[in-house]
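The values are calculated or read from the model by the stated rules, or taken from the named source; none is laboratory data. Note that this is a predicted model, so its numbers are computed, not measured. Glycine also receives a Cβ, built like all others from the backbone with ideal geometry; neighbour counts cover every protein chain displayed. Protein only, heavy atoms only, side chains kept; ligands, DNA and RNA dropped before computing areas. Shrake-Rupley method; radii C 1.70, N 1.55, O 1.52, S 1.80 Å.
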Amino acid sequence: MIFVVYIFLQGWRATLIPLLAVPVSLVGTFVMFPVFGFSVNTLSLFGLVLAIGLVVDDAIVVVEGVERHIEEGMTPKDAALKAMEELSGPVVGIALVLSAVFVPTAFIPGITGRLYQQFAVTIAISVLLSAFNALTLSPALAALLLRPKKPSKGLLRRFFDWFNRVFGRATEGYVSLCGGLIRKSAVAVVMLVAFSVAAGFFGSRVPSSFLPDEDQGYLFVNMQLPNASSLQRTDTATRGVEKILASTPASNSPPVSSASVC
């Protein structure tokens with residue numbers, strides 16, 4: 001992530017601001033875990049991994065806005081104030097839209113909903129904290145750290161020049177493609193229908209469950225008694241396990257066992 005941010009921002013001062021904002025959002029998310037009864041597990045960590053790509057965007061938007069005004073001749077402090085006048089609304093809007101995408105999945109019932117809840121709420125909290133950082137920490141760091149850019153030298157400058165040319169051509173190609181699709185709306189509608197049909201076709205054949213197919217809510221217990229144990233002894237031990245499972249609050253129905261001699 002550091003390498004990608006540095007390539008696009010092309011300055012270590014500008015790169016430092018998102019790198020400082022991301023840990024603040026992630027650590028703040030950990031602080032909120034006890035409030036919702038979450039633990040640090042695979043699902044919450046997976047949500048944080050995906051959240052890294054979301055929380056870094058707000059800081060990058062602020063940095064680019066401040067740099068643009070600095071290039072126009074403003075001081076870093078004035079540039080930060082001017083940029084936040086322009087970007088405060090969009091930053092808040094982005095945070096609310098992303099939260100509206102993830103928060104509803106937290107209300108899915110059952111064990112699947114519990115898994116989605118940790119994943120979705122983790123991302124939503126990190127996004128909201130990222131927006132708060134973009135309104136407070138990022139502009140303050142930009143006013144303190146950013147300076148007018150100096151051209152790079154040597155091999156690094158040649159690399160940045162090449163990257164900017166390639167990225168500029170890709171951007172122009174994408175813009176021209178979008179313009180062509182806008183002018184030829186019939187083609188865009190046909191492509192949309194084709195992709196919708198393909199999505200429905202593959203969606204009906206690809207497993208859509210978040211959990212593996214074999215995970216149906218059953219509890220499998222492997223019991224191993226001493227060698228030459230009788231069937232009666234195995235059956236007695238199995239029934240004891242059944243009573244323990246049946247008395248567990250998380251168990252919705254008595255288990256069905258299949259005893260075997262080990």
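Just a few scattered comments:
- Positive-end residue, the chain charge dipole about Cα centroid, Cβ charges, pick of Leu135, Tyr6, Phe160: Phe160
- Cubic angstrom per residue, convex hull over Cα atoms of region 43-172: 142
- Set the Cα radius of gyration of region 22-108 against 2.2 N^0.38 Å, with N its number of residues, and you get 1.37.
- Geometric descriptor of region 1-62, per residue, is 77 Å³ (volume of the convex hull of the Cα atoms).
- Taking the Cα centre of region 1-137 as reference, the dipole from Cβ charges on Lys and Arg (+1) and Asp and Glu (-1) amounts to some 480 debye.
- Note on the chain: with neighbouring protein chains present and a 1.4 Å probe, carbon and sulfur make up 68 percent of its accessible heavy-atom surface.
- Length-normalised contact order for the chain - Cα pairs under 8 Å, 6+ apart - percent: 20
- Accessible area of region 1-158 divided out per residue, in Å², using a probe of 1.4 angstrom: 54
- Surface calculation, 1.4 Å probe, protein heavy atoms: Arg147 sits at approximately 110 Å² accessible.
- Farthest toward positive dipole pole in region 16-89 [+1 Lys/Arg, -1 Asp/Glu at C-beta], among Gly37, Val27, Ile52: Gly37
- For region 85-203, the Cβ-based charge dipole about the Cα centre amounts to some 640 debye (Lys, Arg positive; Asp, Glu negative; other atoms uncharged).
- Fluctuation leader among Ile60, Ile182, Ile244 - the chain, Gaussian network, Cα springs under 10 angstrom: Ile244
- Rounded D (µm²/s) - region 97-177, Kirkwood Rh over Cα pairs, Stokes-Einstein at 10 °C, 1.306 mPa s: 93
- Assigned charges on the beta-carbon of Lys, Arg, Asp, Glu; the chain dipole about Cα centre (debye): 640
- For the chain, Kirkwood radius (reciprocal of mean inverse C-alpha pair distance, Å): 23.5
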